[in-house]
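Visitor: Just dropping this structure here.
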There are 2 protein chains.
Amino acid sequence: MSKEHPTKILLQEKDIPTHWYNIQADMPNLPEPPLNPATQEVAGPQDLAVIFPEELIKQEMSTERWIEIPDEVLDLYKLWRPSPLYRAFKLEKALDTPAKIYYKYEGVSPAGSHKLNSAVAQAYYNKKAGIKRLTTETGAGQWGTALSLACNYFDLECRVYMVKISSIQKPYRKSLMEVFGATVIPSPSNLTEAGRQVLAKDPDNLGSLGTAISEAVEEAASREDTNYALGSVLNHVVIHQSVIGLEAKAQLEMVDAYPDVVIACCGGGTNFGGVAFPFVPDKLAGKGPRLVAVEPAACPTLTQGEFAYDFGDLAKLTPLLKMYTLGHAFMPPGIHAGGLRYHGDSPLVSQLYHDGIIEAQAVLQTDVFKAATLFAKTEGILPAPESAHAISAAIKEANQAKEAGEEKVILFNLSGHGHFDLTAYDNYLSGKIEDVVHGEEFIKESLACLPEIK
Amino acid sequence: MSKEHPTKILLQEKDIPTHWYNIQADMPNLPEPPLNPATQEVAGPQDLAVIFPEELIKQEMSTERWIEIPDEVLDLYKLWRPSPLYRAFKLEKALDTPAKIYYKYEGVSPAGSHKLNSAVAQAYYNKKAGIKRLTTETGAGQWGTALSLACNYFDLECRVYMVKISSIQKPYRKSLMEVFGATVIPSPSNLTEAGRQVLAKDPDNLGSLGTAISEAVEEAASREDTNYALGSVLNHVVIHQSVIGLEAKAQLEMVDAYPDVVIACCGGGTNFGGVAFPFVPDKLAGKGPRLVAVEPAACPTLTQGEFAYDFGDLAKLTPLLKMYTLGHAFMPPGIHAGGLRYHGDSPLVSQLYHDGIIEAQAVLQTDVFKAATLFAKTEGILPAPESAHAISAAIKEANQAKEAGEEKVILFNLSGHGHFDLTAYDNYLSGKIEDVVHGEEFIKESLACLPEIK
C-alpha cells in the first residue's frame, strides 16, 4: 500500500545472528533447578547425560548471555534464515486500525515452522558427541518433521514416536517425515516397556503425548548410541529460538519501528521465548514492550495453572520442573492446536510470568479460527492453528488501538504454516468446532496429581 | 558452504519487474491464430469476448515487447515477490558435480506455486471490466487455489469446477480454496449441460479436466456477469509468468553468473515460458542458453505429439489452437503430476519448439520421484511432483557436467511445493509408482481424433 515502506523487511544471510541470546544472563530470578524424579534431589549434569549430550546440558544450565552458533548450524540456517518480517498492510486495512502490525514468519523453514531452529542445533551437538540415533515424540507433527530433516543433514538415524491418533489423522505429516528419512512409530508401540504397559491395559489405545514421551525417553536411556531430543520446554531449546527475536529487532530497526507489544502463542513456550526474550533487557530497563504469551482457553497453563514442581510426562520418567502446570495427568480436550496441548510450560517462561515481566492471555478456539481465516484472506498465508492464537491476540490489540485512536506498533510471531492442518479449518468452516472453558473445580481436580515435594 | 556466495540470492521489492515481457515481439515466426471451433474461421477478439475481458484479449494478440504491470497487481506481487533464487549447494555436493545449480523458487507464493503470478493479473483485469464472477477448472488444485486467493483480493466470486476424483483424493486442496472464499464444485456436476450429459451416461463418472473445462466455460458463456479464467496454455498467461525469468536473470547477474541451460517442467507451458522466454532474445542473438522443456513420458506432448490445430477440451467448446498435441481425446494414465497431464501445449512454446529454438525431454515418473526425494533431503524443500520433472532433468545435466568435467551453470524453475502431494510420495516410497512409455501405435491412434482443417 505504502510506496516507501516495504511489505517484507529482509535481512541478508550475513545478518543471521552469530550468537544465540540466553535470557538466564538477565533474569532477576533464575528458575529453580530440575529435580531427579525418583529422589527429588537437584538433578545435575550426570542425571541428564543419559539422554542429552554434554554441550546441550551446558547450555541448559548456562548463565552466559551469548552462546556462539556453530558454523555447521549457521550453514543450515542459510537454507531459510534470516526469515522475513512482514508489515501486515492488508490485515491492517481490513481491521481499519491505526496500529502498525508486523509479523515474523517462521513458516518459511523447510520443516514449516520455527522448530527447525532448535532441531538442527540439537542434531549437530548430538552428532559431535558421537551419537548415532535420536528419538523423539511428536503430536501435531511440527517437531517430528523438523527433527527428521535435521537428523538427515547430520546422518543420524531418527526415530519418531507419533501419537497414534495423530498418525492416523495426519498421514501427510507421517509421509513427510519418511521422505526426510525418519522412522515413524505409532505410539503406544510394543517396542518399549512403557508402550507395552499401555497396550496390555487397552490394545486399542490411540496414544497421548505423555505416553509417546515415555517411549522415546525409554529407548534413548536404554541404548548407548541413542539420545533423546525435545522440541520445547527446556532452556536450551528456548536459547536456540532466540534467533527469531534477534532478527525481528534488527528488521524493525530497518524501518525505524519499535514494538509496543510482542505476542506469540505459548505451548511449551519456546516460540514465545524466542521472539520475546531478546526484548526483556529493554523491559527490565523500563522501556521495553509488553510481552504477551497466548494460550488456548482449553489448556490454560499460565492463566489457570499452578506454579509448582511437576513431571513432564505421564509415566513420571522426566525430571521434575518448577513451572506453571495443570498437572501432568491433565487431559486437554481435543482442540485442534495440537502443539498447545501440553500441561506444563517452559521454566523460563514460568519464572518470568511469576515475576510479572511477561503477560498471558487465554483465547477461545472459535476466535482463533476466525482470526486465522481473516489472516489467510488478507495476508494470503494459511497459519498453523497454534500460530493463529497469536494472530487472534494481535487483532484484539489492533482493535483496542482503533478504539483508543492510538498508532500502536504490534509485533507477533507467525511460528508456522497450516498446510497440514486443513482438516481443522474444514471443521471450522462447517461449524464443527466448539469452545471449552474450564471451571475452577475442574482445574483444582486436575492439579490434585501434583507431586508432594519434600 | 561458500563464504562469499550466498545460498539465497534476494532482490528487494523495488526490483520487482515493472513490465511483463512478451515473447511475441521477438519470435521469428508468430504462432498461427486460433480458429473458431464451429466455423474454423480465424477467431477474432469478438469470439473471445464472451469469456475474457478486453485487456486480456489485447495481451493475447499483442506483439508489444513490454506490457506494464498495473499498480494493483504489483501491490499484490509484493506479498511474495521477488521470489528467491537459490544456489543448490547441498544438491551439488550430494551429486559431487562441478556444475553450479541455481533454482528459482516460486513455491513461496501464498498459493504455493507460480500460478498466482497470472491469477492476480487475470482477476484484476476482470474486475476492471466490471465482471462479478470468475469460473475455472482445476485438476491438481494449484490453479484453483491461486485463482481463489486472487478473486478474494478483488472481491470477485470464484467458482472452481474441480475434477471429482481430485476433490476426493485431495480434500486439503478443496479446503484451502474454501478458506480463501471460493465455491468448489466437484465435476461432473448437474449445474451445466456439459456436466448433465456426462452424468446421464455415467452417474458415477469421476470427472476429467476436459469435462471440468467444458463446465466452467459453459457457465461463463451463459452469464453476462461471469468470465472464465485459464491458468495455462494461452499467450496472456505466458506473458504474466515472465516475471520469473526476468527476476532470475537479474539475480544471476548479482552473482556474475549466466546459465548454460534453463530447465522447467512443461504441462500447458507457462511455467516453462515464464522462466525461459526472457532468455530467448539472447538465444536468437547466438549467445543464449539451451532452453529445455521437461514433460512426463506418460504425456509426451512435445516429444511424441503432432504440431496441428486441435481443441483444448473434450467437448470441443474452446477455440482450435495450433500446437503440439496428443489429440484432445488423449487419456493420460493416472500419473501423479496432475498438472502435466494436458494433451496440448502453449502455442508459443509449440511454435518455438517447432522452430528449433527450444528443446524438449520426456522423463520417467520413478526418476522424477527419485530426484524429488534427493532434492527434499538436500535442499530441504519438498517439491511438487510437476516441478520435480525439472529437478530430474537438472540432475541429469549436472551428472553429464561431472562426466565431462565441465563447470556448467544450470538454472531451473522450482514452480511449487508439494505439501499437498504427499500421497504421491507415499506411493513412491512404498513402491507403488509405475512408469509408462507409449508405443508409436498408441500415439497414432490417439492422434486420430485431430480435426480436419479445411
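Visitor: Restricting to segment A:9-38, count the residues that are under 13 Å from A:Val280 (Cβ atoms) and in contact with a Lys or Arg (Cβ under 8 Å, 6 or more places away or on another chain).
Guide: 4
Visitor: Okay, moving on. Among the residues of segment B:235-254, which ones are within 18 Å of B:Ala119 (Cα to Cα), out of contact with any Pro (no Cβ under 8 Å at 6 or more places or on another chain) and among the aliphatic types (A, V, I, L, M)?
Guide: Once the filter is applied, which keeps residues that are within 18 Å of B:Ala119 (Cα to Cα), out of contact with any Pro (no Cβ under 8 Å at 6 or more places or on another chain) and among the aliphatic types (A, V, I, L, M), segment B:235-254 yields B:Val237, B:Val238, B:Ile239, B:Ile244.
Visitor: Hey, can you tell me all the residues within segment A:276-301 that are under 23 Å from A:Leu364 (Cβ atoms) and in contact (Cβ under 8 Å) with a residue 60 or more places away in the chain?
Guide: Matches in segment A:276-301: A:Ala276, A:Arg290, A:Leu291, A:Val292, A:Ala293, A:Val294, A:Glu295, A:Pro296, A:Ala297, A:Ala298, A:Pro300.
Visitor: With the requirement that a residue be more than 30 Å from A:Ser109 (Cα to Cα), buried (at least 19 other Cβ atoms within 10 Å of the Cβ) and hydroxyl-bearing (Ser, Thr, Tyr), what does segment B:1-40 give you?
Guide: B:Tyr21
Visitor: Just checking: which of the helices (runs of 4 or more DSSP H) contained wholly in segment A:35-87 hold 3 or more residues that are away from every other protein chain (no Cβ under 14 Å)?
Guide: Answer list for segment A:35-87: A:45-48, A:54-61.
Visitor: Take the conditions within 14 Å of chain B (Cβ to nearest Cβ), in contact with a Gly (Cβ under 9 Å, 6 or more places away or on another chain) and in a helix (DSSP H, G or I) and apply them to A:Ala111. Does it pass?
Guide: no
Visitor: Counting only residues that are within 14 Å of another protein chain (Cβ to nearest Cβ) and in contact with a strand residue (DSSP E or B) (Cβ under 9 Å, 6 or more places away or on another chain), which one in segment A:401-420 is surrounded by the fewest Cβ atoms within 10 Å (Cβ to Cβ)?
Guide: Per the criteria, the residue is A:His419.
Visitor: On to the next question. Select from segment A:4-34 the residues that are within 14 Å of chain B (Cβ to nearest Cβ) and hydrophobic (A, V, I, L, M, F, W, C) and list them in ascending order.
Guide: Scanning segment A:4-34 gives A:Ile9, A:Leu10, A:Leu11, A:Ile16.
Visitor: Now for a separate question. For segment B:204-221, which residues satisfy the criterion of being surrounded by fewer than 16 Cβ atoms within 10 Å (Cβ to Cβ) and either closer than 13 Å to B:Asp313 by Cβ or at pLDDT 95 or above (or both)?
Guide: B:Ala221
Visitor: Could you tell me whether any residue of segment B:122-139 is under 21 Å from the mean Cα position of the chain (by Cα), surrounded by 21 or more Cβ atoms within 10 Å (Cβ to Cβ) and free of Cβ contacts under 8 Å to residues at least 60 places away in the same chain?
Guide: Yes, the conditions are met somewhere in segment B:122-139.
Visitor: State whether the residues of segment B:438-451 include one that is in a helix (DSSP H, G or I) and within 21 Å of A:Ala111 (Cβ to Cβ).
Guide: Within segment B:438-451, not a single residue is in a helix (DSSP H, G or I) and within 21 Å of A:Ala111 (Cβ to Cβ).
Visitor: Using the structure shown, decide if A:Val262 is crowded, with 23+ Cβ neighbours inside 10 Å, more than 13 Å from the chain's Cα centre (by Cα), among the aliphatic types (A, V, I, L, M) and farther than 30 Å from A:Ala49 by Cβ.
Guide: The answer is yes for A:Val262.
Visitor: A follow-up question, please. Can you name the residue in segment B:430-448 that is out of contact with any helix residue (DSSP H, G or I) (no Cβ under 6 Å at 6 or more places or on another chain), of a type in the set (A, V, I, L, M, F, W, C) and in contact (Cβ under 8 Å) with a residue 12 or more places away in the chain and is also farthest from the other protein chains (Cβ to nearest Cβ) among such residues?
Guide: For segment B:430-448, the residue satisfying everything is B:Ala448.
The values are calculated or read from the model by the stated rules, or taken from the named source; none is laboratory data. A quick note: this is a predicted structure, and the numbers were derived from the prediction, not measured. Reconstructed Cβ throughout: ideal geometry from the backbone, glycine too, with neighbour counts over all protein chains shown.
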